[in-house]
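**Q** A single structure is presented below for examination.
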Amino acid sequence: KAGVDMGKTYGPNPLEVTLKPDIFQMPIGVFGNPGKGKSYSAGVMLEEAYTWDIPSLVLDVNGEMAKTAEALGGLVITLPDRARFGLSLNLLTPPELVSVAPNVTPGTQYAELIELAHDKLRTENRGGQISFQMLRDRINELGTALETRKSSVAAAISRVSVLEKDPLIGTNFDFIKMLNEHRMVVLDCRFLSLRQTQLIAAAAARVLQRHGSEMARKASENGDKEAEKWFALFFGDEAHAVVPNDSEVVSTQVLYELARMGRHVRT
C-alpha cells in the first residue's frame, strides 16, 4: 500500500485521497454535523490501521464500530460482560475507587480509609493485581494501626464489598494481550453510564501509556526489535462527552496527557 486510502472526494471530478501512514502518529479529530459521515470515515481509518498492522483499541459509545471489527476478525465486547471484561483495582486511582464505590461520601473517615488502603496496595504491588480481599484486609490493618472508629472501618469494608458486585470492577482485562491477539478490540459501551465509560477510557489510556513507554525504553536502551515494533491506536467515540473540557473529569486528565505525549509512548 502507498498510504492510508480514505476513498474519493465528493463532486463531479472525484479524486483519490491517500494520506501518509504516519498520520496515525498524530492526534486525529473527526468532526462534522449529524449524518455527514463521521462514523463511516472513522471506520475507514480503522480498517486502514488494521491493514497497516496497527493494533486499535476502540471505545464505542454508539455501537457503530462493531460490524467493522467483526468483519476484520477483531474482538467485540458489549459491556457490561463480567465473563470477558473488567477493570482490575490496580488500574484505578484511589479517588476513582472512592468515586465509583456506592454510597461513599468523599472526605469522610471511611472514604479516606479506603483511599489510603488502596494507595498503599498500589504502591506495594507496582501494577500487580489487587483483590477485594486484599483491600478489605488492608482497611482492617490500617483501621487498627490508626485507631480508627470501628464503625468507620466497618463502613469502609461494607462499601468495598458492595462494589465487588459491580460487573465492571475487579476482574482483570488484559488490554495489551487482547490487542496483540486480535489487532482490533472494540468495547461497546452503549449500555454503560457516561461515568463508567469515562472510567474505562482513563484506565485504557493508562495501560497504553505505560506499555508504550516501556516499549520505547526497551527499544532505545536495549535495542529490543520486538519492542521497537509496538505502536497502537486508541479511538474514542463521542469524545466531547467521554473527554469533556473539564479538568475534574478523570478521563480528560489522562487522555489530554496521552494526546500530548502519544508519539513518545507509541500511541
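**Q** Considering Cα pairs under 8 angstrom that are at least six residues apart, work out the relative contact order of region 107-237 and quote it in whole percent.
**A** Rounded, it is 17 percent for region 107-237.
**Q** Could you identify which residue out of R159, R149, R122 has the top mean-square fluctuation in a GNM of the chain using Cα springs shorter than 10 Å?
**A** R149
**Q** What percent does the relative contact order of region 16-131 come to when contacts are Cα pairs within less than 8 Å and at least six residues apart?
**A** 16
**Q** Using unit Cβ charges (K, R positive; D, E negative) and no other charged atoms, how large, in debye to the nearest 20, is the dipole of region 59-186 about its Cα centre?
**A** About 200 debye.
**Q** Which distance in Å, rounded to a whole number, links the C-alpha centroids of region 205-267 and region 142-161?
**A** Value for the Cα centre distance between the two parts: 36 Å.
**Q** May I pose another question? At 1.4 Å probe size, what's the solvent-accessible area of S247? Round to the nearest 10 Å².
**A** Number for this one is 80 Å².
**Q** Taking the alpha-carbon distance from K67 and a cut-off under 24 Å, which lysines remain once sequence neighbours fewer than 8 residues away in the same chain are dropped?
**A** K1, K8, K36, K38, K177
**Q** How big is the charge dipole of region 111-257 about its Cα centre, in debye rounded to the nearest 20, if each Lys and Arg gets +1 on its Cβ and each Asp and Glu gets -1 on its Cβ?
**A** 280
**Q** List the lysines whose alpha-carbon lies under 21 Å from that of K150, not counting same-chain residues fewer than 8 positions away?
**A** K120
**Q** Heads up, I need the accessible area for L15: 1.4 angstrom probe, whole protein in place, Å², nearest 10.
**A** The accessible area of L15 comes to roughly 110 Å².
**Q** Roughly how many Å is it from the Cα centre of region 163-199 to that of region 1-53, as a whole number?
**A** 26
**Q** Please say if region 125-237 is rounded, prolate or oblate, where rounded means a/c under 1.5 for a ≥ b ≥ c the square roots of the C-alpha gyration tensor eigenvalues, and otherwise the choice is prolate for a/b larger than b/c and oblate otherwise?
**A** Cα axes put region 125-237 in the oblate bin.
**Q** So what is the relative contact order for the chain, in percent, with contacts set as C-alpha pairs under 8 Å and at least six apart?
**A** 26
**Q** Relative to a virtual label point 7 Å from the Cα of I23 in the Cα→beta-carbon direction, which members of region 245-267 show backbone nitrogen distances below 11 Å?
**A** What the label zone holds, given the 11 Å backbone N cut-off, is no residue at all.
**Q** Ok, one more. If we restrict to alpha carbons, what Rg and Dmax does the chain come to, in Å?
**A** 20.8, 78
**Q** Further question on the same structure: Within region 69-95, name every residue whose backbone N is under 16 Å away from a label modeled 7 Å from Cα of E238 along the Cβ vector.
**A** Under cut-off, by backbone N: 78-80.
**Q** Where a ≥ b ≥ c are the square roots of the eigenvalues of the C-alpha gyration tensor, would you call region 1-116 rounded, which needs a/c under 1.5, or, failing that, prolate if a/b is larger than b/c, or oblate?
**A** Taking the square roots of the gyration eigenvalues as a ≥ b ≥ c, region 1-116 is prolate.
**Q** Springs between alpha-carbon atoms under 10 Å, Gaussian network over the chain: tell me which of I28, I169, I130 tops the mean-square fluctuations.
**A** For the chain, modelled as a Gaussian network with Cα springs under 10 Å, the answer is I28.
**Q** In whole percent, and with a 1.4 Å probe on the protein chains, what portion of the accessible area of the chain is carbon and sulfur?
**A** 51
**Q** What does the accessible area per residue of the chain come to in Å², with a 1.4 Å probe and no ligands, DNA or RNA counted?
**A** Accessible area per residue: 53 Å².
**Q** Compute, for the chain, the length of the dipole vector about the Cα centre, with Cβ point charges of +1 (Lys, Arg) and -1 (Asp, Glu) only. Units Debye, rounded to 20.
**A** 120
The values are calculated or read from the model by the stated rules, or taken from the named source; none is laboratory data. Since the structure is predicted, the reported quantities are computational estimates derived from the model, not experimental observations. Positions of Cβ are backbone-derived with ideal geometry, glycine not excepted, and every protein chain shown enters the neighbour counts. Protein only, heavy atoms only, side chains kept; ligands, DNA and RNA dropped before computing areas. Shrake-Rupley method; radii C 1.70, N 1.55, O 1.52, S 1.80 Å.
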